[in-house]
1. Looking at V231, V246, can you tell me which residue is surrounded by 22 or more Cβ atoms within 10 Å (Cβ to Cβ) and β-branched (V, I, T)?
2. Of the residues R323, R350, R332, only one is under 17 Å from S175 (Cβ atoms) and either in contact with a His (Cβ under 8 Å, 6 or more places away or on another chain) or in a helix (DSSP H, G or I) (or both); which?
3. Looking at G129, G147 in this structure, which one is under 25 Å from Y206 (Cβ atoms) and surrounded by 24 or more Cβ atoms within 10 Å (Cβ to Cβ)?
4. Select from segment 208-243 the residues that are touching a strand residue (DSSP E or B) at 6+ places or on another chain (Cβ under 7 Å) and of a type in the set (G, A, S) and list them in ascending order.
5. So for segment 163-178 (the condition being at pLDDT 95 or above, polar (S, T, N, Q), surrounded by 18 or more Cβ atoms within 10 Å (Cβ to Cβ) and part of a loop (DSSP other than H, G, I, E, B)), does at least one residue qualify?
6. Restricting to segment 347-376, give me the number of residues that are charged (D, E, K, R) and more than 20 Å from the chain's Cα centre (by Cα).
7. So which helices (runs of 4 or more DSSP H) stay within segment 195-306 end to end and still have 1 or more residues that are under 25 Å from V321 (Cβ atoms)?
8. Does segment 350-379 hold any residues that are out of contact with any Asp or Glu (no Cβ under 8 Å at 6 or more places or on another chain), among the β-branched types (V, I, T) and either closer than 16 Å to D179 by Cα or modelled with pLDDT under 95 (or both), and which are they?
Amino acid sequence: MIVPLEQAVATFEASVDATVGIEEEFAILDPRTLDLTPRYEELHAAAQADPVLREAVAGELISSEIEIRSGRGEHLADALERQGAARTALFRLVDTQDAKLGATGTHPWADYREQLNIDTEHYRRVVDGLQYVARRNNTFSLHVHVGVRGADRAVRVCDRLRDVLPELLAVSASSPYLDARDAGLHSARTQSFTKSFPRCGIPDAYGSWRAFADYIAFLQHTNSIVEYTQVWWSVRPHLTFGTVEVRICDVQTTAGESDALCALIVACILQAAHDDDTGVPRAELSRRLIEENLWRAIRYGLDGKFIDLDAAAEFRAETIVDRLLAWTAPARAAHRLAEPSFPALNGAQRQRRMIDAGAPLVEVYSAAVQETHSTYSDRQEAENS
């Protein structure tokens with residue numbers, strides 16, 4: 001359903017800065033083979049008996065995928081607490097249903113042709129409209145929403161985040177496999193989804209709500225979209241929630257990494273808002289330049305080099321977290337956000353090290369699934385991971 005643009009303006013004017021919402025997508029697996037298994041409808045029905053999961057569980061494109069949502073947290077800590085409770089409840093439920101959950105950006109060997117799409121009006125529309133592009137998309141991601149007051153301001157915050165998106169992707173990369181092959185990538189999910197879907201990836205810079213709204217109105221008027229959520233950009237103003245939503249990241253293999261990445265994304269959005277409020281100059285970078293770094297994130301993740309687009313010089317991708325932490329220090333101080341801590345190697349790097357050492361695909365994925373189960377299923381273990 002299209003949200004009237006005038007209503008969206010009112011939603012943003014009423015929005016509260018720094019509220020947070022988290023969405024995590026998991027693969028539903030057969031516990032013996034680790035194959036994808038179409039069990040969403042069963043798990044959703046079983047979740048209705050749990051007061052936490054009843055509100056938190058949602059479906060995605062395929063029946064072998066399940067999502068949990070924190071709902072609106074009044075701040076980051078609140079959202080993480082809510083999401084942690086939902087994770088624990090979901091993993092305990094899944095254990096009782098003879099299933100497992102995986103958390104990598106792609107399933108390593110699943111055949112997309114064998115996956116069933118869930119039967120909802122929204123996803124029927126997506127599959128009917130996109131055909132192969134939708135059916136091919138068996139991917140799993142992490143989305144973070146942050147409240148940003150003011151429609152113009154939310155659009156300008158999205159503009160400021162465009163060149164940060166590839167860096168966040170590199171930090172999050174967790175998907176080296178696709179179609180039972182080593183794709184030679186760190187985020188095969190991004191290549192499969194972001195490079196295939198229309199109105200996806202790095203958006204243009206709009207500068208104002210009016211320019212952004214004119215584009216959405218054009219899509220509506222020309223029957224290009226039926227729902228606003230058919231704009232699948234890697235960052236977007238969310239018209240229903242009054243948030244800025246970052247959508248570029250692979251789902252995280254461990255709960256600790258997911259919490260840290262959520263904290264980093266929140267800090268980036270709040271810093272972009274702070275920079276806009278204080279008039280920090282912003283370079284008008286073209287999408288074609290930003291996409292040079294997007295490709296490097298897809299291909300090499302944190303093992304490669306990025307381009308400092310202002311200086312036209314390379315830097316080591318392994319320094320991205322430190323660079324982002326330095327940039328977001330003012331916002332983290334203003335909102336009393338602790339500095340997030342990441343492991344020495346991210347999900348893709350850990351998998352690629354095993355691949356390089358000669359480990360077979362099933363062994364690599366099994367290790368990732370074990371990491372996921374041991375951290376997401378227990379909130380205390382997640383805090384210590």
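1. None of the others qualify; the one that does is V246.
2. That would be R350, the only listed residue that is under 17 Å from S175 (Cβ atoms) and either in contact with a His (Cβ under 8 Å, 6 or more places away or on another chain) or in a helix (DSSP H, G or I) (or both).
3. Sole residue among the options that is under 25 Å from Y206 (Cβ atoms) and surrounded by 24 or more Cβ atoms within 10 Å (Cβ to Cβ): G147.
4. S234, G242
5. So far as segment 163-178 goes, yes, one or more of its residues are at pLDDT 95 or above, polar (S, T, N, Q), surrounded by 18 or more Cβ atoms within 10 Å (Cβ to Cβ) and part of a loop (DSSP other than H, G, I, E, B).
6. So the count comes out to 4.
7. 255-277, 287-300
8. Listed by number, the residues that qualify are V362, V364.
The values are calculated or read from the model by the stated rules, or taken from the named source; none is laboratory data. Just so we're clear, the structure is a prediction, and the values are computed from it rather than from any experiment. Positions of Cβ are backbone-derived with ideal geometry, glycine not excepted, and every protein chain shown enters the neighbour counts.
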